[in-house]
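Quick note: the coordinates plus some simple rules give every number you see, no bench work behind them. Since the structure is predicted, the reported quantities are computational estimates derived from the model, not experimental observations. FYI the Cβ positions are ideal-geometry reconstructions off the backbone, even for glycines, and counts take in every protein chain you see.
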Amino acid sequence: MGFPIEVEDTYCEAFDGLFSRLLVTARDRKRLDRAAFGATALPCTVFNESEGGVEGYLPGEKTPDGRRGAVIQVWVNYGKGSEKKLEYELGKRIRQGILVVPTTRVFNLLDSGDGIDIMNKVGHCGDGYEFVEESFGREMINIPLMMGEFLIERKLNYGMGVMGGNVWFFCDSEESALEAGDLAVKAVSKIEGTITSFDICSAGSKVETNYPEIGPTTNHLFCPTLGGKIPDSLVPEGVASIPEIVINGVSLDAVKAAMKAAMDCVKDVPGILKISAGNYGGKLGRHKIWLRGLL
């Protein structure tokens, strides 16, 4: 039996990225969620910064300190100077998103030979009163705070992964688009090593832009509200909403598995007229992931 929804004979165009995979723990779920979401909010790679996402959660029996934890990822585009860029971005997100949340701790969760000594970018928040100690079987930086202490593993590893895997759902309504998008995000969350950095993304972009100072702009060819207003619209008749699910993963195989999961889970959602993906004629990334090859 074939796939019940039309899948366009096209590919998504993904590219290389550098990432760190961290474990954040906290005393309770409220503090944990605030830290995990705060540290990964506002993906902004288009401004040459970073993007992040929550991969999933671990129970206390699987964390170093016995507390429930959130697995998060932080990414930068791979290229010249990307290691230093990742160090800078990690420091910013940890300082402003995690350290300030009471009871939090940060552990490395990536087994690789390459690592960042986070003392300069985070440790020195202790203003010289920080110190290194052995805790939970790891080398940790202890930073004194007004609400106790903040512990962070001194070496945070990084590795090469794949950014920008994506799936588009051509839907007949906003309701079907949201239903499909929510199901896809949930399905991707079950694939180890992957994140959806934008959750459901409502704003697919294009490489060419009339306003380069603000980065990529709206992909006008696929905006349903422009369908009857521009001569080159590529929105099929009856399509009212096109959500995009953007996926980063620790490997190409992980991204492929997540894309497949995103497509498989929406088979029974009414109102999806077609499944497609975003690509830019080879201008963005070297990885071409063909949709039909995943089915």
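Find the centroid of the Cα atoms in segment 22-89 and in segment 168-231, then give the distance between the two in whole Å.
Each part's Cα centre sits 23 Å from the other's.
Need the full-extension length gain, Arg286 to Ser173, defined as separation in residues times 0.36 nm minus the C-alpha distance. One decimal, nm. Before the final figure, lay out the partial values.
Values: separation 113, 0.36 × 113 = 40.68 nm, distance 3.33 nm.
Stretched fully, the Arg286-Ser173 segment lengthens by 37.4 nm.
On a full-extension model of 0.36 nm per residue, what is the gain between Met119 and Leu252, subtracting their alpha-carbon distance, rounded to one decimal in nm?
Details: separation 133, 0.36 × 133 = 47.88 nm, distance 3.15 nm.
Computed gain between Met119 and Leu252 is 44.7 nm.
Please tell me the relative contact order of the chain in percent, rounded to the nearest whole number, where contacts are Cα pairs under 8 Å and at least six residues apart. Please list the in-between numbers first.
Details: 683 pairs, mean separation 77.0, N = 295.
RCO, the chain: 26 percent.
Between the DSSP loop rule and a limit of at most 12 other Cβ atoms within 10 Å, which trypsin sites (Lys or Arg not before Pro) in segment 137-213 are left? Write out the running numbers ahead of the final one.
Values: sites: Arg138, Arg154, Lys155, Lys186, Lys190, Lys206; in loops: Arg154, Lys190, Lys206.
Here the trypsin sites (Lys or Arg not before Pro) that fit, given the DSSP loop and packing criteria, are Lys190.
Tell me whether segment 1-120 comes out rounded, prolate or oblate; compute the Cα gyration tensor, take square roots of the eigenvalues as a ≥ b ≥ c, and use a/c under 1.5 as the rounded threshold. Spell out each step's value before the answer.
Values: a/c = 2.03, a/b = 1.31, b/c = 1.54.
Since a/c reaches 1.5 but b/c is at least a/b, the shape of segment 1-120 is classed as oblate.
Fully extended, how many nm does the chain gain between His220 and Phe15 (0.36 nm per residue separation, minus their Cα-Cα distance)? Can you show the working numbers first?
Working: separation 205, 0.36 × 205 = 73.80 nm, distance 2.25 nm.
Stretched fully, the His220-Phe15 segment lengthens by 71.5 nm.
Running a GNM on the chain with Cα contacts under 10 Å, which residue among Asn210, Asn166, Asn157 ends up with the highest mean-square fluctuation?
Asn210
Most mobile of Asp114, Asp127, Asp172 per a Gaussian network model of the chain (Cα springs, under 10 Å)?
Highest fluctuation of the listed residues: Asp127.
In segment 23-111, which GluC sites (Glu not before Pro) fall in coil by DSSP and have 16 or fewer other Cβ atoms within 10 Å? Provide the component values of the computation, followed by the final result.
Numbers: sites: Glu49, Glu51, Glu55, Glu61, Glu83, Glu87, Glu89; in loops: Glu49.
Within segment 23-111, the qualifying GluC sites (Glu not before Pro) (loop, at most 16 other Cβ atoms within 10 Å) are Glu49.
Based on the alpha-carbon gyration tensor of segment 203-295 and its eigenvalue square roots a ≥ b ≥ c, which shape applies: rounded if a/c is under 1.5, prolate if not and a/b is larger than b/c, or oblate? Could you put the intermediate results ahead of the total?
Values: a/c = 2.30, a/b = 1.20, b/c = 1.91.
Here segment 203-295 falls in the oblate category.
Kindly identify segment 61-113 as rounded, prolate or oblate by the Cα gyration tensor criterion: order the square roots of the eigenvalues as a ≥ b ≥ c, call it rounded if a/c is under 1.5, otherwise compare a/b with b/c, prolate if a/b is larger, else oblate. Please list the in-between numbers first.
Values: a/c = 3.15, a/b = 1.58, b/c = 2.00.
Oblate.
Show me, bin by bin at 10 Å from 0, the whole-percent P(r) of segment 128-225 based on Cα pairs.
Binned Cα distances yield the sequence 11, 25, 22, 20, 17, 5.
Summing Lys, Arg as +1 and Asp, Glu as -1, what charge do residues with Cβ under 15 Å from the Cβ of Thr25 carry, Thr25 excluded? Intermediate results must be reported in sequence, preceding the final value.
Details: positive: Arg21, Arg27, Arg29, Lys30, Arg31, Arg34, Lys62, Arg67, Arg68, Arg105, Arg138; negative: Asp28, Asp33, Glu55, Glu61, Asp65, Glu149, Glu153.
It works out to a net charge of +4.
What order do you get for Met259, Met140, Met160 when you list them from fewest to most C-beta neighbours inside 10 Å? Display every interim value, and only then the final one.
Numbers: Met259 27, Met140 23, Met160 14.
Least to most surrounded, the residues fall as Met160, Met140, Met259.
Count charges around Asn166 for me, please; just the other residues with Cβ under 14 Å from its Cβ, Lys/Arg as +1, Asp/Glu as -1.
Numbers: positive: Lys206, Lys256, Lys260, Lys288; negative: Glu8, Glu13, Glu51, Asp199, Glu244.
Here the count lands on -1.
Using the Cβ atoms and a cut-off under 15 Å, what net charge is assigned to the surroundings of Lys274, where Lys and Arg are +1 and Asp and Glu are -1?
Counting the neighbours of Lys274, the net charge comes to -4.
Which GluC sites (Glu not before Pro) in segment 140-246 pass both tests, a DSSP loop state and at most 13 other beta-carbon atoms within 10 Å? Working shown, then result.
Details: sites: Glu149, Glu153, Glu174, Glu175, Glu179, Glu192, Glu208, Glu213, Glu237, Glu244; in loops: Glu192, Glu208, Glu237.
Answer by residue number: Glu192, Glu208, Glu237.
Which distance in nm do the two modelled labels at Tyr129 and Ile230 give, with both placed 7 Å along the Cα-to-Cβ direction?
5.6
Evaluate E = 1/(1 + (r/R0)^6) for Lys80 and Glu139, where r is the Cβ-Cβ distance and R0 equals 30 Å; express this FRET efficiency to the nearest 0.05. Can you show the working numbers first?
On the way: r = 30 Å, r/R0 = 1.00.
Calculated value: 0.50.
Report, in degrees rounded to the nearest 10, the 0 to 90 angle that the Cα long axis of helix 29-40 makes with the longest principal axis of the chain.
70
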